[in-house]
Amino acid sequence: MLRASRRRGVGEQLAAGESRRRALDGALGTRGVVRAAAPAFPSRLHDERIAAILGTALGIAFSLCFLTGLYSHFAQHPLDIGFLSMPTSPAWLYRVTQGVHVAAGIAAVPLLLAKLWTIYPLLFVEPPVRSPAHLVARLALIPLVAGGIFQLVSGLANITGWYPWQFSFPVAHYWTAWMVIGGLIVHIGAVATPALRGLGRERRSRDEPDGDGLSRRGFLGVVAAGVGAVTLLTVGQTLRPLRGLSLLAPRDPAVGPQGLPVNKTAAGAGVLQSARRPDYALLVEGDVQQPLRLSLTELQALPQHDADLPIACVEGWSAGARWSGVRVRDLLELAGATSVSDVRVESLQQGGSYRASRLNAAHAQHPDTLLALRVHGEELHIDHGFPCRLIAPNRPGVQQTKWVTRLEVRA
Ligand SMILES: Nc1nc2c(c(=O)[nH]1)N[C@H]1C(S)=C(S)[C@@H](COP(=O)(O)O)O[C@H]1N2
Ligand SMILES: [Mo]
């Protein structure tokens, strides 16, 4: 389908080869370099303009992934220096940034495949290295391409809950992101000139002699349709109105007990028994004047407040809900915590990375930061954190700790 040669005379083919060679010469700053390689790659789609358009789209997708990913990283590993500490509003911020992160990563898959196909003839340029600058540009492709493929493959595996590897996904995903972005910056420096030329060049499709296979515009159309399709078929996991279309998404935001997805179940966390024990108690301890030990009945007797807040998982799904329960700040006040720099929130769950989380001062004092006892007017399902779970504005799902049993206050 992508083959440009037809039953043509030898002379014609040579002539066509000659013009394609010129086109490839221009592609990506390889002027004069691909001469030897060009005739082996006859498709007119190995083209500077296509490479530039796909490269721009991919650069945007990777940059969105990087920035939203950094935000997610620092939301989970806060620096807490002045303005860098995580804000409590807007409450939906993390939901949007992480939705964009995963959607941009998914959209990058067809873009990357198309881009690699467009430029792969450049792997065979002669000589392979022309100058020190060219060597650096080519070496930068290793972190960019290998790292980019790793990010997309491991990210997709992560959102589908598939962990076939031994390494820690967040750590590997974070450090590889820096490699990719480093490679991307060098790459942009190396290809800026030909890319701008490619983008600025007039569309030549009209004077192009008729060939077989896809036109440039047709090829870009197929790629755009692919990007649109994977986006529409997955983004419903966070954009509720598109839920019905969301055939490829790993999560349906409305499927689960009480109409909410569950990430870790009570059975998976090993709390089926401990969460239902009649002697369950919530402890409020640490830098407080009056440590508290509250039974579930006592928690239920405290003033209850509502908050409409989303669960926004790092995996890119999110779902809004109406929670009600006790304000964390009321508990802090009750315990006589006069100054609070942070609060460690601990679960009944014994092991696992997400058995505890931390509230910064702003989150701890926010009126919507609740130890929720109910959702949508019902007692919490055990998989959603019964007897009580943390819910607070603008936090990654991993920090909305379930089956909470202890708050440790630090002054
Ligand atoms: N104790 C505990 N709390 C936890 C988790 C966990 O593994 N253990 N998973 C978190 C994650 S990753 C998410 S996305 C939310 C999901 O909440 P839900 O299962 O009620 O939808 O719970 C969070 N709370
Ligand atoms: Mo999550």
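The values are calculated or read from the model by the stated rules, or taken from the named source; none is laboratory data. Every value quoted in this text rests on a predicted model; they were computed, and no experiment measured them. Here the Cβ is made from the backbone with ideal geometry for all residues, glycine too, and neighbour counts use every protein chain on show. Heads up: the accessible areas ignore ligands, DNA and RNA and are worked out on the full protein's heavy atoms, side chains in. Shrake-Rupley method; radii C 1.70, N 1.55, O 1.52, S 1.80 Å.
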Expected vector for the stretch 92-101, Karplus 3J(HN,Hα) from phi with 6.51, -1.76, 1.60 and θ = phi - 60°, integer Hz, x for Gly and Pro, equals 8, 4, 5, 4, 6, 5, 6, x, 5, 4
Expressed in angstrom and ordered largest first, the alpha-carbon extents of the stretch 74-157 along the principal axes are 56, 29, 19
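Determine the percent antiparallel among the DSSP beta bridges restricted to the chain, to the nearest 5.
Among the beta bridges of the chain, antiparallel pairing accounts for roughly 90 percent.
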Here, Arg201 and Leu116, labelled 7 Å along Cα→Cβ, have an inter-label distance in nm of 2.4
Neighbours of Arg329 by Cβ distance under 14 Å: Lys/Arg at +1, Asp/Glu at -1, summed charge -3
The percentage of the accessible area of the chain (probe 1.4 Å, all protein chains present) made up of carbon and sulfur atoms, to the nearest whole number, is 62
Using alpha carbon centers only, the stretch 119-197 is separated from the stretch 224-258 by a whole-angstrom value of 28
Here the convex hull volume per residue of the stretch 154-202, taken over Cα atoms and given in Å³, is 101
Ordering 346-353, 147-154 by per-residue average of other C-beta atoms within 10 angstrom, highest first, gives 147-154, 346-353
Cα-based Rg and Dmax for the stretch 256-330, in Å, come out at 15.2, 41
Along principal axes, largest first, the alpha-carbon spread of the stretch 209-301 in whole Å comes out as 84, 30, 25
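For a distance above 42 Å, tell me the whole-number percent of Cα pairs in the chain that qualify.
For the chain, the fraction of Cα-Cα distances above 42 Å is 30 percent.
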In the neighbourhood of Gln76 defined by beta carbon distances under 11 Å, the net charge of the other residues (Lys, Arg +1; Asp, Glu -1) is +2
For the chain, dividing by residue count, accessible area per residue (probe 1.4 Å) in Å² works out to 48
The ³J(HN,Hα) series, computed from each phi in the stretch 59-67 with the Karplus coefficients 6.51, -1.76 and 1.60 at θ = phi - 60°, rounded to the nearest Hz and given as x for glycine or proline, is x, 5, 4, 5, 5, 4, 4, 5, 5
Applying the gyration tensor rule to the Cα atoms of the stretch 112-221 (axes a ≥ b ≥ c; rounded if a/c under 1.5, else prolate if a/b exceeds b/c, else oblate), the class is oblate
Burial-style ranking of 311-321, 188-198, 63-73, 290-300, average other-beta-carbon count within 10 Å with highest first, yields 311-321, 63-73, 188-198, 290-300
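Rank-order 224-236, 397-409 by packing density, defined as the average count of other C-beta atoms within 10 Å over each peptide's residues, highest first. Don't skip to the end; give the middle numbers.
Numbers: 224-236: 17.2, 397-409: 22.4.
The most tightly packed comes first, giving 397-409, 224-236.
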Sorted by chain and number, the residues with a modelled amide H under 5 Å from that of Asp342, at a separation of 5 or more or across chains, are Arg410
For the stretch 293-411, percent of DSSP beta bridges that are antiparallel (nearest 5) comes out at 100
